[in-house]
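The values are calculated or read from the model by the stated rules, or taken from the named source; none is laboratory data. Bear in mind that the values here come from a model prediction, so they are computed numbers and not experimental data. For neighbour counting, all protein chains shown are included, and Cβ atoms are generated from backbone atoms with ideal geometry for every residue, glycine included. What goes into the accessible areas is simple: the full protein's heavy atoms, side chains included, and nothing from ligands, DNA or RNA. Shrake-Rupley method; radii C 1.70, N 1.55, O 1.52, S 1.80 Å.
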Amino acid sequence: MVSVERILQLLVYLSAIVGLLPVLVFLDGWVLVILVLAFIAGISGERQGRYLLGDRLATGLSIAFFSFFLMQVSLSNLVEPLIQMLCLLLAVRLATEKSPRHVLQLFLLSTIVLAASSMLTLDIAYLFYLVLIVLLLTIGLVLLSFYATEPRLRFNRRQWIMLLKVTVLLPVGSLLLMLVFFVILPRTQLPLWNFLNPKPVASIGMADQVRPGSFAELAESGQIAFRAETGRLPDHDIYWRGIVLNRLEGQVWKRVPELAEEKLLVDPAAETRVTIYASPKADRYLVTLDTPRSVAGIKHDLAADGVVTGRWRDAQKIRYQVRVQYTARSRQLGPIDEYLQLPEKISQRLQAVADQLVQEENFREKIALLETFFRRQQLSYANTRLPQTDDPVDTFLFASKRGYCEYFASSFALLLRLAGVPSRLVGGYLSGEYNHLGGYYLVGENAAHVWVEALDDEGLWQRIDPSRLAVNADQALFQQNRQALDSIRAFNDALLHYWSRVVLNYDLQQQFGTLRQVASRVRDLRKIDLRFLPSLLWSSAIFSVFATLFLYRNKSTRAVRLLRAYRKQVAKCCGLETLPEKLGLFELARLTNEPLCHEFSMIYGGAIYRDRDLSVAECRQLRAIISRLRQQRIAIRVALSDALEDNGSSGC
Amino acid sequence: MDLYQRKQILDVIETLSSDYLQGKVRAIRLAVICLLSGGHLLLEDIPGLGKTSLALALSGILDLDFGRIQCTSDLLPSDITGLSIFDRQKNQFRFVKGPIFNNLVLLDEVNRAMPKTQSALLEAMEERRVTVEGVTYQLPEPFLVIATQNPAEQVGTFPLPESQLDRFLITTGIGYPPPDLEKKIIQRGSVREELETIRPLLEREKILQTSRFIREKIQLGSKVTDYIYALIERSRSHPQVFSGISTRGGLSLAGAARAEAYLEGRDYVVPEDVQRIAAPVVAHRLVLRPEHQTVRKEEVFRSLLVEIPVPMV
């Protein structure tokens, strides 16, 4: 028969030792002496049932140690006094009576000391200590719960063994799970429980075909295409190259990889390096900055025309480095006939324009004339209410005069080909938002873009972006990018980026690098001027006040919480990270065409838009809808379109 | 939820769009919204897309009197309002009412009339009464003017000034029907004769009651009011806009949104109603800065609309 108290005391000492072991070598001699004395005082106190250190004395001592720590500490010397103070506090607790509360404190302190030791040293032994302390702690906590209810409890041998088996099951199970997750988690792109949901469906984005005239509307999605780490580049001239479409079949532009025979004229001075972090995507084309010279960090093929195809596992986030020739042009080596191939049917109006172009002497004049023609046509950039016709180029240029980049680029390229200038389309992304905090470009799927490359008289491929000839080009193409990322969003996104960089894109070396960086930064704290300290304290105080107010305000109404939960749930069901901010409730219900969403918007909107609060019964109904949504899969076309815009649809 | 007469109104739209005027649901719906919220409609499109058919069909199915005015540059105000002629037998002047004294008036090619006539017309539209030689005559209720103009024509026209445009509740185009439908229309022939045999589905009195119901019973909450205000406020400070949406524009938007909510089967307005109806109601009221004249007003308005957050809490 061994008492629970005995074993608990043993566990306390053991966990204290495990916590202290890694830091022992860093402690001053006198701290070591105090620790040893504390152990002796504690053990002898238990033997005799009388402790040298009373509660008041212990508190006084703790305060003394703490003030000693405060005196010692300076920005140049922060970590070691901190650990010494923690050890001294541990010593005080070791020497006093082991009441349940003190035992809990002891467990906590030993864990903190062990954690703090990682600031001084980090080797593989740490893992061993960590496992050990987890074991000791879980068993100790279970015993503590027994001890707290009945201090004089005793078990016989058989009972002990059974108890041990059950209690060990907890930490061992969690450690095993931890091992599994250690392998799995860094490799998952989405939370594990997301595997039930459908994969994100891309609606707008880079496509491997360009086929203007087949869609009446272009859906917008808020998805992020990729982030690209690089320095700030000239603002209006950032073209992310994805795919080159060189064959025109009917109205469809396609890619024939065999055509690419050219050579990049390299200028070593104008080289930029870009690291790209891309979201999982369906196609195999790697986006690079125009024009890539070489790619590293992923299995890939770099075609001569600057199109990179890669190989990676499905649904994997990918990362690769690109060496970019920012201003370079490539020289055509192969035959050019293919770049002049035309569809069978050309409208007369189009042919008439081409005939004028042919009469111009050189490349430069042809381009100038064509640009003038585009400007004169007063084309506007739009992605709603597009005509669906068999001859989109003709309709776009002469009748409807509205379209998005694909219309502009394919019309321009077709006219160039008609005029005898070899040309092709390049698909990719335009510009992006620069995040100063993280030092990268954030490029959304909405920035997908198509432009033209034409072969000039010297045999060099020149980039031309006909979308800039739209009457509203400035707003349509650059509106998003002009408004600077506000700092909170930038901070948030930078955080997200680093999280996926360091944690999700699992790379042990990099993780250790980050740890080392943190350690060296802590040491570098001495470089911080002390004068900043008060202002830092003030700003953090103010920040915390605002944060509390913000949280309080946000928690104020039931409606807000319900709405947030609902939007989050719908976003999850659709496989999106978040729903677009501007998407209203009823619009969302219409887009998803999901009865539950209709029901939610009717109940919720019925209250909110009638200027009354939600009743308790309504709240219950709404909650029920949200939880039922959890089992649903919803396909959603995230577009802010207009029901009344479309002639064919009956809006009622 | 059962809204007063909603089923019948939807029936009217459905019958018109499926039996008589295929491919014009949007225009029909907008015309009904105009009728119900007591505004007037301006159709901007080229001739031959069914503007007249639309007006004829609407007047037939709703049992409304129909009057048509073909505007030309020598059209006089009295040609519209009517004039007093001398009755020899009774030895006194007798007022002969002009075509404006109808429930539904089609003003064809309104931009061909000279400004004097235009303003007389628009005065009547706004005031709903006509004063000739000191006597005021009330126009019949309901009163809906469908004006048309051809945006492509420039020579010999007097474009409606902004202040006059502001008086139309809705401006819209009709647009070509989808190709398949157009082929079918060509094959089947004009429906003009069928339109004369159209049976009324709704009485005049019912329309008046419905529009009163919409005005009084469809609720416009403070959230949506704020949203409408944000919209017109933003239009006034938009960099491309010289003068933004007037208070009348805001009023019209609210009225049209009420009718839209009614058609959607709700007795309260939601921001999406405003969004759906906003472009046809408001876009033509914007006056752009001279340097941005080439940009379409609708595009500017749309860019403005997507900037404003939808109130949800």
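Observations, loosely collected:
- Residue check, A:Val308 closer than 30 Å to A:Ala278 by Cα, buried (at least 19 other Cβ atoms within 10 Å of the Cβ) and assigned by TED's automatic domain parsing to the domain that holds A:Ala470: yes
- Filtering the range B:179-206 to residues that are part of a helix (DSSP H, G or I), closer than 17 Å to B:Leu56 by Cβ and touching a residue at least 40 places away in the same chain (Cβ under 8 Å) leaves B:Ile185, B:Arg192, B:Glu194, B:Leu195, B:Glu196, B:Arg204.
- Restricting A:Leu109, A:Leu82 to those that are farther than 14 Å from A:Gln9 by Cα, part of a helix (DSSP H, G or I) and in contact (Cβ under 8 Å) with a residue 40 or more places away in the chain reduces the list to A:Leu109.
- When B:Arg212 is tested against (1) in contact (Cβ under 8 Å) with a residue 12 or more places away in the chain; (2) within 30 Å of A:Gly605 (Cα to Cα); (3) surrounded by fewer than 17 Cβ atoms within 10 Å (Cβ to Cβ); (4) not hydroxyl-bearing (Ser, Thr, Tyr), exactly one condition is not met: (1).
- Within the range A:334-361, if we keep just the residues that are small (Gly, Ala, Ser) and assigned to a loop (DSSP other than H, G, I, E, B), the residue that is farthest from A:Asp305 (Cα to Cα) turns out to be A:Ser347.
- A residue that is within 18 Å of B:Val25 (Cα to Cα), surrounded by 14 or more Cβ atoms within 10 Å (Cβ to Cβ) and in contact with a Ser or Thr (Cβ under 6 Å, 6 or more places away or on another chain) occurs nowhere in the range B:240-249.
- Scanning the range A:598-620 for residues being within 13 Å of chain B (Cβ to nearest Cβ) and either open to solvent by less than 10 Å² (accessible area, probe 1.4 Å) or not in a helix (DSSP H, G or I) (or both) gives a total of 12.
- Segments classed as strands (runs of 3 or more DSSP E), wholly inside the range A:384-480, with at least 3 members that are touching a Pro at 6+ places or on another chain (Cβ under 9 Å): A:448-455
- Among the residues of the range B:223-238, those identified as touching a residue at least 40 places away in the same chain (Cβ under 8 Å), over 10 Å from B:Leu305 (Cα atoms) and either open to solvent by 50 Å² or more (accessible area, probe 1.4 Å) or part of a loop (DSSP other than H, G, I, E, B) (or both) are B:Lys223, B:Asp226, B:His238.
- Checked against (1) in contact (Cβ under 8 Å) with a residue 40 or more places away in the chain; (2) facing chain A (nearest Cβ under 10 Å); (3) touching a strand residue (DSSP E or B) at 6+ places or on another chain (Cβ under 9 Å), B:Ala256 passes all but a single condition, namely (2).
- Among the residues listed as A:Arg331, A:Arg364, the single one being away from chain B (no Cβ under 14 Å), outside any helix (DSSP H, G or I) and open to solvent by 70 Å² or more (accessible area, probe 1.4 Å): A:Arg331
- Exactly one residue out of A:Pro234, A:Pro198, A:Pro191 is at pLDDT 70 or above, open to solvent by 30 Å² or more (accessible area, probe 1.4 Å) and not β-branched (Val, Ile, Thr), and it is A:Pro234.
- Residues of the range A:561-587 that turn out to be open to solvent by less than 30 Å² (accessible area, probe 1.4 Å), without any contact (Cβ under 8 Å) to a residue 40 or more places away in the chain and within 11 Å of chain B (Cβ to nearest Cβ), as a count: 3
- Filter result for B:Gln219 (open to solvent by 10 Å² or more (accessible area, probe 1.4 Å), touching a strand residue (DSSP E or B) at 6+ places or on another chain (Cβ under 6 Å) and either free of Cβ contacts under 8 Å to residues at least 40 places away in the same chain or within 14 Å of chain A (Cβ to nearest Cβ) (or both)): yes
- Applying the criterion of being open to solvent by 10 Å² or more (accessible area, probe 1.4 Å) and away from every other protein chain (no Cβ under 13 Å) to the residues of the range B:13-38, the residue that is farthest from the chain's Cα centre (by Cα) is B:Asp19.
- Exactly one residue out of B:Glu193, B:Glu162, B:Glu203 is under 22 Å from B:Ile100 (Cα atoms) and open to solvent by 70 Å² or more (accessible area, probe 1.4 Å), and it is B:Glu203.
- Scanning the range A:230-274 for residues that are within 33 Å of the chain's Cα centre (by Cα), free of Cβ contacts under 8 Å to residues at least 60 places away in the same chain and outside any helix (DSSP H, G or I) returns A:Pro234, A:Lys254, A:Arg255, A:Glu271, A:Thr272, A:Arg273, A:Val274.
- Tally of residues being within 10 Å of another protein chain (Cβ to nearest Cβ) and open to solvent by 20 Å² or more (accessible area, probe 1.4 Å) across the range B:270-292: 3
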